[in-house]
Amino acid sequence: MPVKDYIRERFFPHLWCPGCGHGIVMNALIRAIEALGLSKNEIVMVSGIGCSSRISGYLDFHTLHTIHGRALAFATGVKMGLPELNIIVPMGDGDALAIGGNHFIHAARRNIEMTAIIMNNRIYGMTGGQYSPLSGYGTLATTAPYMNIDHAFDVVQLSIAAGATFVARTTTYHVQQMTDCFKKAILHEGFSVVEVLSQCPTYFGRKNKMGSAADMMAFYRDHTTPIGSKKKKENPDLIERGIFVQKDLPEYCRAYDTVIERAKGKGQKG
Amino acid sequence: MAKPKLKEHQIQTEWCKGCGICVAFCPKSVLELDSQDKVRVARPEDCICCRLCELRCPDIAIEVIVEQEGSG
Ligand SMILES: Cc1ncc(C[n+]2csc(CCOP(=O)(O)OP(=O)(O)O)c2C)c(N)n1
Ligand code: SF4
Ligand code: SF4
Ligand code: SF4
């Protein structure tokens, strides 16, 4: 199916700034869904609020544009009610890990089947460039004009510790890897997290003198490396990308079916 | 598989925001920005149809059409 069949053309050109990485994430997500041959009717996209969350307005699936930080809570409700649907939850780093941090760790802990995409631009884009829990020590932001003294989360380590059963990281430079991660995450029967390093040239880039959108992507190219590579051993500062965890644990909706069976008095003996 | 041969780049000019990402990362320097900051196919004969411009465009403004496509 042509790419344009997956979008709501009436909202294009979209509102993201020139060179915003979020558009590249949307592009890769469309390719992944097309490659998997999923029909638009079996996908529910649930987002919160932020530049990143606008993606649910642009894509032509069942979409819910909910409230800041709560996308996973809404998504949990949808999945429990209609477990046969594929749930995709795109979130900004602020949306997912500042205001939404608790929803995030508990959705991961439950291992409910859905794909959480963290579009990590290390800043609050929509509200004017405030620092986020992913900005990192020493960075500049509208609300940290001298320097940010908060340390950043490591999204991958946090997700693993919280119990996510599929965890990957990629960047907007590595578009083929991004599509591949999305495909595997969507197919995974459990809670999947894909962190995508995604440039915000307007705020994070400008505040931290990182140049153009293309310069920021070149930074991802030059400062990341495949998991366990030789380069990583030589230069521990490189950020690893790839699939960190992919394992099977009981999935929440399926486990809940067992509870229902037991409550009905069947399967008591087991 | 035969090497794909370029038919054309389909460009949705109103959607292109001139970010320059496709220009910066085209391995064959096929693309340029024009005076209006819109993408322009300057050297189509050098295109190897890798589609990286299409995949990296944040605005879904560029599509690489190859010769074999469309026949069935
Ligand atoms: C309950 C609530 N608090 C605060 C806001 C204001 N607000 C809107 S988006 C946003 C953060 C956006 O940053 P992020 O989630 O990282 O996404 P980005 O815009 O960078 O893609 C905030 C604080 C809100 N809409 N609702
Ligand atoms: S402010 Fe940043 S995150 Fe928001 S659309 Fe612009 S570039 Fe993208
Ligand atoms: S990447 Fe897309 S929006 Fe940016 S200059 Fe190229 S065609 Fe235009
Ligand atoms: S398909 Fe590849 S070679 Fe051709 S213009 Fe696009 S990026 Fe350049």
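Taken over region A:236-250, residues that are out of contact with any helix residue (DSSP H, G or I) (no Cβ under 9 Å at 6 or more places or on another chain) and surrounded by 10 or more Cβ atoms within 10 Å (Cβ to Cβ) amount to 3. Every listed requirement among (1) in contact (Cβ under 8 Å) with a residue 24 or more places away in the chain; (2) hydrophobic (A, V, I, L, M, F, W, C); (3) in contact with an Asp or Glu (Cβ under 7 Å, 6 or more places away or on another chain) is met by A:ALA214 save one, (3).
B:PRO44 meets each of the listed conditions (1) in contact with a Phe, Trp or Tyr (Cβ under 6 Å, 6 or more places away or on another chain); (2) surrounded by fewer than 16 Cβ atoms within 10 Å (Cβ to Cβ) apart from (1). Screening the candidates A:ALA214, A:ALA168, A:ALA161 for the property of being out of contact with any Pro (no Cβ under 8 Å at 6 or more places or on another chain) and surrounded by fewer than 17 Cβ atoms within 10 Å (Cβ to Cβ) yields one hit, A:ALA161.
Show the residue pairs that are 6+ apart or on different chains and have beta-carbon atoms under 6 Å apart, the first residue being within region B:39-67 and within 13 Å of ligand 3 (Cβ to nearest atom), the second being among the hydroxyl-bearing types (Ser, Thr, Tyr). Hits for this filter: zero, empty list.
Being among the hydroxyl-bearing types (Ser, Thr, Tyr), closer than 23 Å to A:TYR220 by Cα and modelled with pLDDT of 95 or more is a condition met by at least one residue of region B:25-48. Within region B:11-49, the set of residues being hydrophobic (A, V, I, L, M, F, W, C) and within 10 Å of chain A (Cβ to nearest Cβ) comprises B:TRP15, B:CYS16, B:CYS19, B:ILE21, B:CYS22, B:VAL23, B:ALA24, B:PHE25. Looking only at residues in region A:171-196 that are among the aromatic types (Phe, Trp, Tyr) and more than 12 Å from chain B (Cβ to nearest Cβ), the one that is surrounded by the most Cβ atoms within 10 Å (Cβ to Cβ) is A:PHE191. Just one of the listed residues (A:ARG31, A:ARG70, A:ARG109, A:ARG54) is modelled with pLDDT of 95 or more, charged (D, E, K, R) and within 16 Å of ligand 4 (Cβ to nearest atom), and it is A:ARG31.
Here the condition is being within 14 Å of another protein chain (Cβ to nearest Cβ), out of contact with any helix residue (DSSP H, G or I) (no Cβ under 6 Å at 6 or more places or on another chain) and surrounded by fewer than 23 Cβ atoms within 10 Å (Cβ to Cβ); of A:ASP154, A:ASP150, A:ASP222, it holds for A:ASP222 alone. Number of residues in region B:11-38 that are more than 12 Å from ligand 3 (Cβ to nearest atom) and either under 16 Å from A:ASN27 (Cβ atoms) or small (Gly, Ala, Ser) (or both): the value is 2.
The values are calculated or read from the model by the stated rules, or taken from the named source; none is laboratory data. In this text the structure is predicted, and so the values were computed from the model without any measurement. Every residue, glycine as well, gets a Cβ built from its backbone with ideal geometry; the counts of neighbours run over all protein chains shown.
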